[in-house]
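Just so you know, all these numbers are worked out from the coordinates, no wet-lab data involved. This one's a predicted model, so the numbers in the text were calculated from it and none came from an experiment. Positions of Cβ are generated from backbone atoms using ideal geometry, with glycine treated the same way; all protein chains shown enter the neighbour counts.
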Amino acid sequence: ATPMALLVGTARGAQLGILIKGPQILESTRRVDTVVLDKTGTVTSGRMSLAEVVAAPGESEAEVLRFAGAAESGSEHPIAAAIASAAAVAPSVESFASAHGLGVQAVVDGRLVLVGRPAWLAEQWAVEVPAASLDRQAELEEAGGTVVAVAWDGRVRGILSVTDTVKPNSASAVAQLRELGLTPMLLTGDNERVARAVAAEVGIAEVRAGVLPAGKADVVRALQAEGRVVAMVGDGVNDAVALATADLGIAMGTGTDVAIEASDLTLVRSDLVAVVDAIRLSRRTLATIK
Ligand code: ADP
Ligand code: MG
């Protein structure tokens, strides 16, 4: 039978805004020594806004934004929301498809439009960001922006920079995780420069950036192979496999259904301090059983 203390702990979790899938989960929570945090929507608010549109030589900023906004209108990604709302137009969009962690493609006004990681456009579609825009891309990333490239008819027509902000409690939550003796790590599909900037802002030393959705689970497995007991905290479709792979999967309440389904715990308030609360709760609960 399930010890009474675990049931009480689970109920106490609910009061703290931590939804626990089963009483035994408190056991795995207690053993955790490494906490892997997704960046977008987990450490940051995930409410992105468009910071800049840079047209390639000979292209118009308005067109770049219009085509990008239309192509992104079918995506739920925070980057897509930022671009689509700034564009605020509705040209005819067909055949939308998204490549998770890479970008989107859609036919807009009869043209195949691609929006996504510059490296994805280069590798998959053989279109490169023009040399004239590369310096600007580096500057925008240095300033903490996530830069995506926009292409149609086989050419990159411009780049867009979107920015996000760190959640108010993220730094304090990271400090408290350290006080509990846990090692925090930042894991993201976003570029290295942005990842480093966010990590520095919240006090995380270990960073894995530019990781594709499938690679996120590989990072978790590699840590487990080192003997670490891993909690993964995430919100996106791209985090689902890593959340299921981790010893303890923790989903943000604001996250996608897939992330919540793949997880053991869900944080109602989407505040990282609740991760600290969950670990404290499991330690207290299990201490009373012995
Ligand atoms: P994170 O790990 O921070 O949640 P994702 O794995 O969702 O990030 O995305 C990684 C990268 O893939 C983004 O930084 C962006 O370059 C690209 N990307 C993902 N989705 C989109 C989209 N809808 N539009 C444009 N680019 C995208
Ligand atoms: Mg995310």
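Think of the range 56-209 as a dipole: +1 on every Lys or Arg Cβ, -1 on every Asp or Glu Cβ, centred on the Cα centre; then among W125, V194, A171, A171 lies furthest on the positive end. Close amide H contacts of T254 (hydrogens built in the peptide plane, cut-off under 5 Å, sequence separation of 5 or more or a different chain): S270.
Spatially, the range 1-21 and the range 76-146 are offset by 44 Å when compared through their Cα centroids.
A crude spin-label estimate for the pair D218 and R111, with each label 7 Å from Cα along the Cβ direction, gives 3.5 nm. Put simply, the amide H of V156, placed in the peptide plane, has neighbours under 5 Å in E128, leaving out anything fewer than 5 places away on its chain. Working note: Karplus 6.51/-1.76/1.60 with θ = phi - 60° gives the range 196-203 the couplings 4, 5, 5, 4, 5, 5, 9, x Hz, where Gly and Pro are set to x.
Dividing the helix sum by the residues of the chain, where each DSSP H run of 4 or more adds -39500 (n - 2.57), gives a mean residue ellipticity at 222 nm of -12500 deg cm²/dmol. Within the shell of other residues whose beta carbon sits under 10 angstrom from the beta carbon of E192, the net charge comes to +1, with Lys and Arg scored +1 and Asp and Glu -1.
Listing S98, S172 from fewest to most neighbouring C-beta atoms within 10 Å gives S172, S98. Shape of the chain from its Cα gyration tensor (a ≥ b ≥ c, root eigenvalues): rounded if a/c is under 1.5, otherwise prolate when a/b > b/c, or oblate? Here the chain falls in the prolate category.
Neighbour counts of other Cβ atoms within 10 Å put L187, L134, L50, L16 in the fewest-to-most order L134, L16, L50, L187.
Quick one: angle between helix 4-15 and the longest Cα principal axis of the chain, in degrees between 0 and 90, rounded to 10, please. Once rounded, one gets 40 degrees. When F96, F67 are arranged by Cβ crowding within 10 Å, least crowded first, meaning fewest neighbours, the order is F96, F67. Give the shape of the range 49-163 as rounded, prolate or oblate, defined through the alpha-carbon gyration tensor: a ≥ b ≥ c are the square roots of its eigenvalues, a/c under 1.5 means rounded, and otherwise the shape is prolate if a/b is larger than b/c and oblate if not. Rounded, because the longest to shortest axis ratio a/c is under 1.5. Taking every C-alpha pair closer than 8 Å and separated by at least 6 residues, the mean separation divided by the residue count of the chain gives a relative contact order of 24 percent.
Annotation for the range 32-127: GluC sites (Glu not before Pro) lying in DSSP loop with at most 16 further Cβ atoms inside 10 Å of their Cβ are E76.
Among rounded, prolate and oblate, which fits the range 135-290 when a ≥ b ≥ c are the square roots of the eigenvalues of its C-alpha gyration tensor, a/c under 1.5 means rounded, and a/b larger than b/c means prolate? Note, shape of the range 135-290 comes out prolate. Compared with the dominant Cα axis of the chain, that is its longest principal axis, helix 273-289 is turned about 20°.
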